[in-house]
Amino acid sequence: MNRLTFKLEKRLTPSPVMVFIIPLISVLLALLLGGIFLVLTGENPLTVYSLMLVDSLGSKYGLTETMVKAIPLMLTSLGVSLAFKMKLWNIGAEGQLYMGAMAATWLPLTFPALPVYLMLPGMIILGMIAGGLWALLTAIPRAIWKVNEIITTLMLNYVAILWVDFLVYGPWRDPEGSNFPITASFAEAARLPGLGDSRVHTGLFFALALAVILAIVFKYSRWGYSINVIGSSERAARYAGMNIKRNILLVMFLSGAISGLAGMAEVSGIIGKLQHGISPGYGYTAIIVAWLSKLNPLAILIVSVLFGALQVGGYAVQVEGVPAAVATMLQGAILFFVLGGEVLTNYRVKLVSQKGEELSK
């Protein structure tokens, strides 16, 4: 009796229709799965989803809060997408964000009287350097000894978060902060300007500018071509004379620097100080956003807004007694189905017998 097995065969040219349709189907399946869990907990999925949509995008306040959440998502997603383009799995955007926030905070705490034209550029530079160097810690062993960067970037997230906790609970804690784990508030010169009277700040322009720059680099520059070639085949890149080690170090540094900029924008544009828990997981959500956007920098801007709305909507449904974790559950479900959809997009599933005879596709 012949045993039947499944076999994956690489598609030479994935169908453009599948590339467009499957991510949409993946999101719908995630919503369906979330709906099933909501029904099991006694909630009406349509009511919950409608409430999340209206509260996040249906009012000026909701839209403002959605954009506030979207800005760090845009920046961290752009950062990881740069690394992912070269098949460098930077899972450390969360830690790089924290290190960028920490380094940016050092300047207004140490030199509070600096004028704005020195303060903000200095905070931006320090935040990007710190995020980049934190990513470089994993890039060096990856480039020299082929150490798996997934593990090292993930582990360094916890180191960065706990280091920031040490600072805000210890030497940087504001003596007038009622014993809360926060630093002293920044001077006005250290605050990113807001847009109008809303909480949306000029960090949005950082994300827009970087998205355009990366889109141009990926599509038109020689370096962008090198990144794609190295990501597709290191052997082919080496044969073409490309310096793989140098590109690994450079790409990981820039990836971390962009995430570090997200940390700077968060403490300067929103919080106005460094504190415990400055990120609800932006660096992890960025992985989902980048994949759902197909690593397209301009698409990342749109998907980040949608995921910002998902976070704001998750907080909103708490008022109705629904756990805010429903948003996190939906994010995880979306990632699961998107990754599954990637397999169907790039591979053809075949059913074969033990003798290797193809039965179906």
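See the values below:
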quantity	calculated
Residue within segment 108-126 that is in contact with a Gly (Cβ under 7 Å, 6 or more places away or on another chain), at pLDDT 95 or above, hydrophobic (A, V, I, L, M, F, W, C) and closer than 20 Å to LEU210 by Cβ present	no
Residue match in segment 199-220 (condition: of a type in the set (Val, Ile, Thr), surrounded by 15 or more Cβ atoms within 10 Å (Cβ to Cβ) and within 16 Å of LEU254 (Cβ to Cβ))	yes
Residue count for segment 221-239, restricted to those that are more than 14 Å from ALA143 (Cα to Cα), open to solvent by less than 70 Å² (accessible area, probe 1.4 Å) and out of contact with any Phe, Trp or Tyr (no Cβ under 7 Å at 6 or more places or on another chain)	8
Residue satisfying condition, being over 27 Å from the mean Cα position of the chain (by Cα), touching a residue at least 24 places away in the same chain (Cβ under 8 Å) and closer than 23 Å to GLY127 by Cα, within set ALA211, ALA139, ALA160, ALA187	ALA187
Qualifying residue in segment 154-175 (condition: at pLDDT below 95, open to solvent by 40 Å² or more (accessible area, probe 1.4 Å), out of contact with any Gly (no Cβ under 7 Å at 6 or more places or on another chain) and not aliphatic (A, V, I, L, M))	yes
Residue match in segment 20-35 (condition: modelled with pLDDT under 95 and of a type in the set (Phe, Trp, Tyr))	yes
So THR64, is it modelled with pLDDT of 90 or more, out of contact with any helix residue (DSSP H, G or I) (no Cβ under 6 Å at 6 or more places or on another chain) and open to solvent by less than 60 Å² (accessible area, probe 1.4 Å)	yes
Residue in segment 258-308 that is surrounded by the most Cβ atoms within 10 Å (Cβ to Cβ), counting only those that are in contact with a Phe, Trp or Tyr (Cβ under 9 Å, 6 or more places away or on another chain), among the β-branched types (Val, Ile, Thr) and within 23 Å of VAL19 (Cβ to Cβ)	VAL289
Some residue of segment 304-315 being modelled with pLDDT under 85, out of contact with any Pro (no Cβ under 9 Å at 6 or more places or on another chain) and farther than 24 Å from LYS87 by Cα	no
Selection within segment 68-97 - open to solvent by 10 Å² or more (accessible area, probe 1.4 Å) and within 21 Å of THR153 (Cβ to Cβ)	LYS85, LYS87, TRP89, ILE91
Qualifying positions in segment 12-34 - of a type in the set (Ser, Thr, Tyr) and open to solvent by 70 Å² or more (accessible area, probe 1.4 Å)	THR13
Of all residues making up segment 178-192, the number that are surrounded by 11 or more Cβ atoms within 10 Å (Cβ to Cβ) and in a loop (DSSP other than H, G, I, E, B)	9
Matching option when the condition is at pLDDT 95 or above and aliphatic (A, V, I, L, M), among LEU53, LEU88	LEU88
Conditions (1) within 24 Å of the chain's Cα centre (by Cα); (2) closer than 30 Å to GLU266 by Cβ: number failed by SER59	(1)
Residues that are open to solvent by less than 40 Å² (accessible area, probe 1.4 Å) and either outside any helix (DSSP H, G or I) or more than 15 Å from VAL289 (Cα to Cα) (or both), drawn from segment 309-332	VAL312, GLY313, GLY314, ALA316, VAL317, VAL322, ALA324, VAL326
Hits in segment 127-146 - residues which are modelled with pLDDT of 95 or more and of a type in the set (D, E, K, R)	ARG142
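The values are calculated or read from the model by the stated rules, or taken from the named source; none is laboratory data. Here the structure is a predicted model, which means the values were calculated and not measured. No Cβ is skipped: glycine too gets one built from the backbone with ideal geometry, and neighbour counts run over all protein chains shown. With ligands, DNA and RNA removed, areas are computed over all heavy atoms of the protein, side chains included. Shrake-Rupley method; radii C 1.70, N 1.55, O 1.52, S 1.80 Å.
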